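The values are calculated or read from the model by the stated rules, or taken from the named source; none is laboratory data. This is a predicted model, so every value here is computed, not measured. Don't worry about glycine lacking a Cβ; one is built from the backbone with ideal geometry, like all the others, and counts go over all protein chains shown. Areas reflect the complete protein model, heavy atoms only, side chains present, ligands, DNA and RNA absent. Shrake-Rupley method; radii C 1.70, N 1.55, O 1.52, S 1.80 Å.
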Amino acid sequence: MWRYITTIALILCLGIFAFPARPKDSAKPGPEVYSAKHETSSKLTLLEQDVKLTDELCRSQCSLDYAKMLAQIDSGMHAQAVLSDMQKHHEKMHLLIWTKHGEPLEKGVTSGEVAAGSYKKEASKYLAEAKKQVDQGKHYQSPKFGAGKDVYFVQGTPAVTGKDGLVGLIHQDVLYQVTDHQMKNLRLEPYPNENRWKIESVHTDTLQDKVVDHPEDNQGTSHYHQNEVVVRFKTDPNAAQLKQIQAEIKATSLQKLGYTYVFRTSSMEAKALMAYFKKWDIVYAEPHYLYLTNDERARDREENSGAAADEAGGEISSNFTPNDNLYSRYQWNLPLIETVQGWQLNRGASDVIVGVVDTGVDLQHPDLQGQLLPGYNVVSGNSDPQDDVGHGTHVAGVIAALVNNNRGVAGMTWYNKVLPVKVLDETGAGSTYSVAQGIIWATDHGAKVINLSLGNYADSGFLHDAIKYAFDKDVALIAASGNDNTERPGYPAAYSEVFAVAATDSENMKATFSNYGDYIDVAAPGVSIASTYPNNQYAALSGTSMASPHVTALAALVRSTNPNLKNTEVYELIRKSARDIGDEGKDNYFGYGVIDVVKAIQLAEESVGNTQSAPAETPTSEEEPSTTTNASDRVSAPLPSWPQTLARQLYLITRRHLD
């Protein structure tokens, strides 16, 4: 029973705890835990580094956007139309002015007034300086100014011909977004806010109440909705029994999915609710847990991706460097794991679908166009998995941002499609219920690999059922290990069906925050990773959340190379190909080592012919035969059938419990 009432909070895996620097010639990373003061200092240092890099990414991309506008104007397009179109798609372009040499600045195209106070004065000063520099044929960028959500910088760029040019005011609210994101997820502030969420907190091991009033208190702490409980009955209650239950607990709401119920009441807390349901014939009753944001290819594969390869320049030479304009300077992570060399062997296949179960994905991001399949929003119950946090968009970019498109960053795969599933809401929080639904939905809609950049320290029977369902359907499940520099097993990463990922830095050393333990399979880059971010932006984030999608992308490349590999064979191949960087053999900090894209794909190529296609599943007496035959059919399945499909699968899961 305790297995089912252990509390859990899955967090977006971005936490960090101090980890002592070690000499570069040291072979053992031996973790030590410093005082909370030292840990906070370390977190702030990484936060500052991520914000600084995000500032650089913003400025670099803005310079390229200016160059694009100037080229369009030089080709004969009307200046005001060009500026208006840019501003329409880039909210950060707060003010854009086409300026003539020797003439005063005009009003320009603006999205609104600059924030009140001294910011207007500073903006005017820097705009005047930008105009002066442009008139002299020079480029100009001001220091950033402002505070909070209202941070700006001014940019001026001269035209290629003549001394006209473009001057503008850039709104860098992305810096606030990244700061707020990391303050929560690096645990530099207590999170979640219990008053806001009506959350109960307990110590994971003892289930004793625990007050979280300092960031460090989140260690070993789990959170759940204090007036809600998830129940599975052995025998589905009839209408009269449900009415009785609702009356006795004074339920304010009842949500049913398949044969599982979520009861909410204002008169009883979760522990009392679980005690109440003992008198009913149940499989389990557990709290409604809170989750927080913690390449020889087969001929059909060549035909599947050949057209896209031709568009991108055909075969890749050994000295190929992608022309994505943020790649060379900021994406240290891809060369470190031999990604470009791996692309000479395989760049993926569109029918090997990657599920990203997270905060959703920015569906309009230009660096993800054509890479996303129709997804699902579990939170709202509709087909719009738009990201309103940023985490899922960042994860998706690591996996599948467009490569060699003269823009932004490069993803690890060229052709694997991402299936976005939103299970966490606009605050980055969700529940066991929504995450489990998301895993099952992604599985039923064609995902062959699923990324789970979330986790914490308590076991949930409900979540594990969903994990087992996906695993039994031959899905490779990749999860972040967690970010508290602790040996405590984190879930879902510690489930045997899941492939657990730790994080490394640019020197192939253990990331200071990365969790460790005997359940770790491999490690991957996870410090200051540049990737896509909502509203046509890019950001640098740190965490095992960023390490996990590197391995997810590799699993997709492996399955693209040999689609007959089972999920367990994919796991073993990635372990076998990893570069040992810690103690000889498997260790608790890096598992089998840091991933190696070239070696993994080579092993997958060698396995072609040694594996056989898995036989079609024969439905049991409880299951209905599948009516889908390929990935595209599964993905295009109409959304209205989803509730019935999930109800069926949860029913079968329940039956397995009873058996």
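The strands (runs of 3 or more DSSP E) falling completely within the range 464-534 that include 3 or more residues that are out of contact with any Phe, Trp or Tyr (no Cβ under 6 Å at 6 or more places or on another chain) map to 476-480, 498-504, 529-533.
Hey, among the residues in the range 591-624 that are outside any helix (DSSP H, G or I) and touching a Phe, Trp or Tyr at 6+ places or on another chain (Cβ under 9 Å), which one's modelled with the highest pLDDT?
Of the residues in the range 591-624, the ones outside any helix (DSSP H, G or I) are 591-596, 608-624.
From what's left, touching a Phe, Trp or Tyr at 6+ places or on another chain (Cβ under 9 Å): 591, 622.
On the way: GLY591: 97, GLU622: 34.
Here the residue is GLY591.
For the subset of the range 435-450 comprising residues that are assigned to a helix (DSSP H, G or I) and open to solvent by less than 10 Å² (accessible area, probe 1.4 Å), which member is farthest from PRO287 (Cα to Cα)? Explain how you work it out, then say what you get.
Going through the range 435-450, the residues assigned to a helix (DSSP H, G or I) turn out to be 435-444.
Okay, now just the ones that are also open to solvent by less than 10 Å² (accessible area, probe 1.4 Å), so 435-436, 438-442.
Details: VAL435: 14, ALA436: 14, GLY438: 19, ILE439: 19, ILE440: 20, TRP441: 22, ALA442: 24 Å.
This residue is ALA442.
Where residues in the range 261-301 are of a type in the set (Phe, Trp, Tyr) and either surrounded by 24 or more Cβ atoms within 10 Å (Cβ to Cβ) or under 25 Å from VAL435 (Cβ atoms) (or both), which of them is modelled with the highest pLDDT? Steps first, answer last, please.
Of the range 261-301, the ones of a type in the set (Phe, Trp, Tyr) are 261, 263, 276-277, 280, 284, 289, 291.
Retained after the next criterion (residues that are either surrounded by 24 or more Cβ atoms within 10 Å (Cβ to Cβ) or under 25 Å from VAL435 (Cβ atoms) (or both)): 261, 263, 277, 284, 289, 291.
Numbers: TYR261: 85, PHE263: 88, PHE277: 93, TYR284: 82, TYR289: 66, TYR291: 58.
In this case the residue turns out to be PHE277.
Report, by residue number, each residue of the range 560-590 that is in a helix (DSSP H, G or I) and within 25 Å of the chain's Cα centre (by Cα). Within the range 560-590, SER560, THR561, ASN567, THR568, GLU569, VAL570, TYR571, GLU572, LEU573, ILE574, ARG575, SER577 qualify.
Per the conditions (1) at negative phi; (2) at pLDDT 70 or above, the sole criterion not satisfied by LYS250 is (1).
Contact map, the range 137-165: first residue among the hydrophobic types (A, V, I, L, M, F, W, C), second residue open to solvent by less than 80 Å² (accessible area, probe 1.4 Å) and part of a loop (DSSP other than H, G, I, E, B), Cβ cut-off under 6 Å, separation 6 or more or different chains; pairs are VAL151/GLN172; PHE153/SER142; VAL154/SER142.
Using the structure shown, decide if PRO366 is open to solvent by 20 Å² or more (accessible area, probe 1.4 Å), within 18 Å of the chain's Cα centre (by Cα) and over 19 Å from VAL423 (Cβ atoms).
On the way: open to solvent by 20 Å² or more (accessible area, probe 1.4 Å): yes; within 18 Å of the chain's Cα centre (by Cα): yes; over 19 Å from VAL423 (Cβ atoms): yes.
Here the answer is yes, as PRO366 does meet what is asked.
The residue that is modelled with the highest pLDDT, among those in the range 231-241 that are under 21 Å from LYS271 (Cα atoms) and open to solvent by less than 30 Å² (accessible area, probe 1.4 Å), is PHE233. Residues in the range 87-105 that are part of a loop (DSSP other than H, G, I, E, B) and exposed (fewer than 12 other Cβ atoms within 10 Å of the Cβ): GLY102, GLU103, PRO104.
Checked against (1) at pLDDT 95 or above; (2) acidic (Asp, Glu); (3) part of a loop (DSSP other than H, G, I, E, B), ASP388 meets all criteria but (1). Here VAL527 fits the description: open to solvent by 10 Å² or more (accessible area, probe 1.4 Å) and either at pLDDT 95 or above or out of contact with any strand residue (DSSP E or B) (no Cβ under 6 Å at 6 or more places or on another chain) (or both).
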